[in-house]
Each structure stands twice: as C-alpha cells, then as structure tokens.
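Inspection log for the structure reproduced underneath, given as structure tokens.
Nothing in this text is a laboratory measurement; each read-out follows from the coordinates by a stated rule. None of these values were measured; they are calculated from a predicted model. Glycine also receives a Cβ, built like all others from the backbone with ideal geometry; neighbour counts cover every protein chain displayed.
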Amino acid sequence: MTFEEIRRVVGDTPYLGIDEGWELYSHILKAKPQACLELGHAHGVSSIYIAGALDQAGDGYLDSVDLESSAARTPNIEMLLDGSGLEPRVSIHRQKNSYTWFLKEKIEQQSQNGVCAPCYDFCFIDGPKNWTIDGLAFFLVDKLLRPGGWILFDDYGWAHGKHAGREATDGISIRTLSENEITQPHIEHIFKLLVMQHPDYSNFVLQDGWWAWAQKVADGHKTLIESQKLMDKAGKLRVS
Ligand SMILES: C[S@@+](CC[C@H](N)C(=O)[O-])C[C@H]1O[C@@H](n2cnc3c(N)ncnc32)[C@H](O)[C@@H]1O
C-alpha cells in the first residue's frame, strides 16, 4: 500500500501524525521486519502505517495490543482496518489490565526447555509512558526481539504532570505518584537507564526529542563508545 493510500485510510483519525507516519512507513520499508509488535494502538492509526508498509514491502505481520477499553473507541482499529485490505496482516489483542500480560503469555508460548525463542523484528511502544509498566515492557520485549531488530519508544519527554488534574490515566493513579514521578519524563529515564545501558542495544537515535530508537545488536558487538552515544536525526551527538 502506498503512503497516499494509507493517508486515505486513516484520514484525520488520531493519534499518529503524518510526519511520524512517514517515519514509521520509511523505517519498515528500509528495515523490512518480518514480525512487528505494537504496544498501544488506540484507534489503530500507527497500526495502519505499519501494516501498510509491510504490505508495500510484500511481507510481514503485526501483533497490535491495547486495553479492552480500546474496543469502544470510534473508530476502533477494526473499523479502520475494515475494507483496507490490510486485515490479514494485523492480529488485534486486547488485555483487561496491561500489555505486560500479553508479553508474559507470548514469552510462555515462545519458551521451550527454559529458553525463550525471540520472534519479533520491530516493536513500537506507545502506551502509558510509565516507569513501572514500560520499564518492565522493555525487558519483556527484549526477550522476544531478534538480534538486528529495532525498538521504538514514543513520548520520550512526556511526564504524568500533563494530566495532574486527573484522578488517573491509563490505570495509573496520579494522586499516588510522588512529585518526581509526576514531573520527570519516564520514557527518557527508561531509555537512558535501561535501554542505553543494556549490553545488547546500540545505534540510539532521538528523533525530534520525542521518538527514541534503539537496535538490538548481536551479543558482544556493542562497544563502550557505542553505549554512550545518543544521536539526533541529523547524526549530531546529543548525550555522552
Ligand atoms: C497514545 S495512545 C496510542 C496511539 C497509537 N499508537 C497511534 O499512534 O495511533 C496510547 C494507548 O495505549 C493504551 N494503553 C495504555 N496503557 C496500556 C497498558 N498498560 N496496556 C495496554 N495498552 C495500554 C491506551 O489504551 C491507548 O490506547
């Protein structure tokens, strides 16, 4: 499916914007992942970009996960996919509590004799932006990501303080959080403290201060220098 055809399918549906859609589409066409995972699909816009790119590349499928409550969205992902021709490429999964439970079940399925066989080449994490949930999600996804695969986090600079007036968002009770937990960006901390320090991740890119990419490298291929570099889109060093 061409980018223009995808644009017609998603129309003005939130949340992913056209520029991010293009980045996602281009990445899939370049990296050609066979198996993709999306954590947090909302109305399904990012899923359509991923599935449309897989279709254009001629191969691949997407497991797309959200909460049960996402079924009540208008449109929901089923409505967006309906008639697009992309339906066979997308498996929709919904969890009562969290995508971390989907990941637990997937690890169980993939495990034999105490070893988990990785099965994904790309994972887009776009859920609650929370240290506890998404920090765990990273380590669970790592077990399922094949060497060479990419992981992408949305909302690098987002903080729970954005919803300080609300009782809860995505099941997280804002009132129970400390001042630091409310004001600090959880995804940035997950990326810098968990992903960048992980021995198997490299090629870190921060795009427009909001999207953080990392590639899983083959065991032992990462150097100390690599582990300290976070590049921006133009290849400039951001953090060392
Ligand atoms: C910003 S929206 C995703 C937008 C979508 N990726 C796009 O770009 O079109 C975040 C989604 O994450 C889901 N979500 C939040 N916490 C979750 C959790 N613990 N498990 C599963 N889904 C979760 C929400 O229900 C919501 O639909």
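So how far apart, in nm, are the two label points at ASP170 and SER26 if each is 7 Å from Cα heading toward Cβ?
About 2.6 nm separates the two model spin labels.
Rounded to two decimal places and with Rh computed the Kirkwood way over Cα pairs, what is Rg over Rh for the chain? Intermediate values should be presented prior to the final figure.
Working: Rg = 17.4 Å, Rh = 18.4 Å.
With Rh from the inverse mean 1/r over Cα pairs, Rg/Rh is 0.95.
For a Förster distance of 41 Å, can you work out the FRET efficiency between the beta-carbons of ASP219 and TYR15, rounded to the nearest 0.05?
Values: r = 36 Å, r/R0 = 0.87.
The formula returns an efficiency of 0.70 here.
Kindly rank 140-153, 112-125 from highest to lowest mean number of other beta carbons found within 10 Å of each residue.
Working: 140-153: 20.1, 112-125: 16.6.
Ranking the peptides 140-153, 112-125 by packing returns 140-153, 112-125.
Report, in cubic angstrom per residue, the convex hull volume of the C-alpha atoms of region 97-240.
Details: hull volume 16.1 nm³, N = 144.
Each residue corresponds to 112 Å³ of Cα convex hull volume.
When the convex hull of the Cα atoms of region 195-240 is projected onto a plane and the area is averaged over all directions, what value comes out in nm²? Present the calculation step by step, with values, prior to reporting the outcome.
Details: hull surface 11.7 nm².
Mean shadow area of the hull around the Cα atoms is 2.9 nm².
Among 167-180, 91-104, what's the highest-first ranking by average C-beta atoms within 10 angstrom per residue?
On the way: 167-180: 11.6, 91-104: 16.5.
In descending order of packing, they fall as 91-104, 167-180.
Test of understanding: express the Cα radius of gyration of region 39-116 as a ratio to 2.2 N^0.38 Å, with N the residue count. Can you show the working numbers first?
Details: Rg = 13.7 Å, N = 78, 2.2 N^0.38 = 11.5 Å.
For region 39-116, the normalised Cα radius of gyration is 1.19.
Could you list HIS163, HIS41 in order of exposure, starting from the residue whose Cβ has the fewest other Cβ atoms within 10 Å? Walk me through the numbers before you get to the answer.
Working: HIS163 15, HIS41 31.
Final ranking by Cβ density, sparse to dense: HIS163, HIS41.
Rounded to the nearest 0.05, what FRET efficiency do ASP208 and LYS229 give with R0 = 22 Å and r taken as the Cβ-Cβ distance? Could you check?
Result of the calculation: an efficiency of 0.75.
Report, in deg cm²/dmol and to the nearest 500, the calculated mean residue ellipticity at 222 nm for the chain, where each DSSP H run with n ≥ 4 adds -39500 (n - 2.57) and the sum is divided by the residue count. Intermediate results must be reported in sequence, preceding the final value.
On the way: 9 runs with 79 residues, N = 240.
Helix contribution divided over all residues of the chain: -9000 deg cm²/dmol.
Only helices at least 15 Å long along their axis, Cα-based, and averaging -0.5 or more on Kyte-Doolittle count here, so list those DSSP H runs from the chain. Let's see the in-between values first.
Numbers: long enough: 18-31 (19 Å, -0.19); 45-57 (18 Å, 0.93); 99-110 (16 Å, -1.13); 131-144 (19 Å, 1.04).
For the chain, where a helix must reach 15 Å along its axis and average at least -0.5, the hits are 18-31, 45-57, 131-144.
For region 183-215, list residues with backbone N below 17 Å from a point placed 7 Å from the Cα of PHE139 toward its Cβ?
187, 189-201
Which residues among region 121-147 fall inside the zone where the amide N is under 18 Å from a point 7 Å beyond the Cα of GLU108, along Cα→Cβ?
Within reach of a label on GLU108, which here means backbone N under 18 Å from a point 7 Å along Cα→Cβ, region 121-147 contributes 137, 140-141, 143-144.
Longer than 19 Å from Cα to Cα, which of LYS30/LYS104; LYS192/LYS229; LYS192/LYS233; LYS32/LYS104; LYS129/LYS233; LYS192/LYS216 are they? Say none if no pair is. Don't jump to the answer; show the numbers that get you there.
On the way: LYS30/LYS104 30 Å; LYS192/LYS229 10 Å; LYS192/LYS233 17 Å; LYS32/LYS104 26 Å; LYS129/LYS233 22 Å; LYS192/LYS216 15 Å.
Distance filter (> 19 Å) returns LYS30/LYS104; LYS32/LYS104; LYS129/LYS233.
From the phi of every residue in region 74-79, what ³J(HN,Hα) in whole Hz does the Karplus formula 6.51 cos²θ - 1.76 cosθ + 1.60 yield, where θ is phi - 60° and glycine or proline is x?
10, x, 9, 4, 5, 5
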